[in-house]
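Engineer: There's a structure below that I have some questions on.
Throughout, read-outs are computed from the coordinates displayed, never taken from laboratory work. Here the structure is a predicted model, which means the values were calculated and not measured. So basically every Cβ, Gly included, is an ideal-geometry build from the backbone, and we count neighbours across all protein chains shown.
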Amino acid sequence: MPKAVALGEQHLVMGYTAAGVEVMPVRDEHEFARQLAGLARNPEVAVVFATENMAADAPEAVSNFRGSSKAALLIVPSYEGATRAGFQSMRKLVERSLGVDIFKE
């Protein structure tokens with residue numbers, strides 16, 4: 001059965017358990033990158049919710065995941081304030097797909 005996983009700082013991902021999402025708390029960007037690589041190899045994983053702070057600190061891990069996994073990786077901002085890392089990531093993907101930056105400011 002496909003599963004969803006929340007990956008990030010413990011205080012930011014624990015609430016996902018209420019929705020039946022598996023939670024993988026991490027302490028730093030190195031642990032985040034290691035866990036994300038493991039999730040990329042897991043065919044049961046359909047969706048990964050990653051905290052914006054961790055994703056911003058490990059952009060190469062996010063890129064590697066997106067290049068090697070069929071699972072959706074969603075960057076989720078926190079109550080601590082958005083860094084726009086999720087938006088910037090989406091912007092690059094759309095620009096690469098369309099050949100033009102449709103979000104130009």
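Engineer: Place the peptides 51-63, 30-42 in order of packing, highest mean first, counting for every residue the other Cβ atoms within 10 Å and averaging per peptide. It would help to have the intermediate numbers written out before the result.
Structural biologist: Values: 51-63: 19.7, 30-42: 16.7.
So the peptides 51-63, 30-42, ranked by packing, come out 51-63, 30-42.
Engineer: Continuing with the same structure: For the chain, what does -39500 (n - 2.57) per DSSP helix run (n ≥ 4), summed and divided by total residues, give at 222 nm, in deg cm²/dmol to the nearest 500? Each step should come with its number before you reach the end.
Structural biologist: On the way: 5 runs with 46 residues, N = 105.
Computed ellipticity for the chain at 222 nm equals -12500 deg cm²/dmol.
Engineer: Taking the Cα centre of the chain as origin, work out the dipole magnitude from +1 charges on Lys and Arg Cβ and -1 charges on Asp and Glu Cβ, in debye rounded to 20.
Structural biologist: Numbers: 11 positive and 13 negative charges, 85 e Å.
Taking the Cα centre of the chain as origin, the dipole is about 400 debye.
Engineer: Please express the Cα-Cα pair-distance distribution P(r) of the range 3-98 as a list of whole percents, one per 5 Å bin, running from 0 to the bin with the greatest distance.
Structural biologist: 2, 15, 26, 27, 19, 8, 2, 0
Engineer: Something else about it: Tell me which residues come under 5 Å, amide H to amide H, from residue 26 once H is placed; ignore anything under 5 positions away on its chain.
Structural biologist: The answer is 8, 9, 10.
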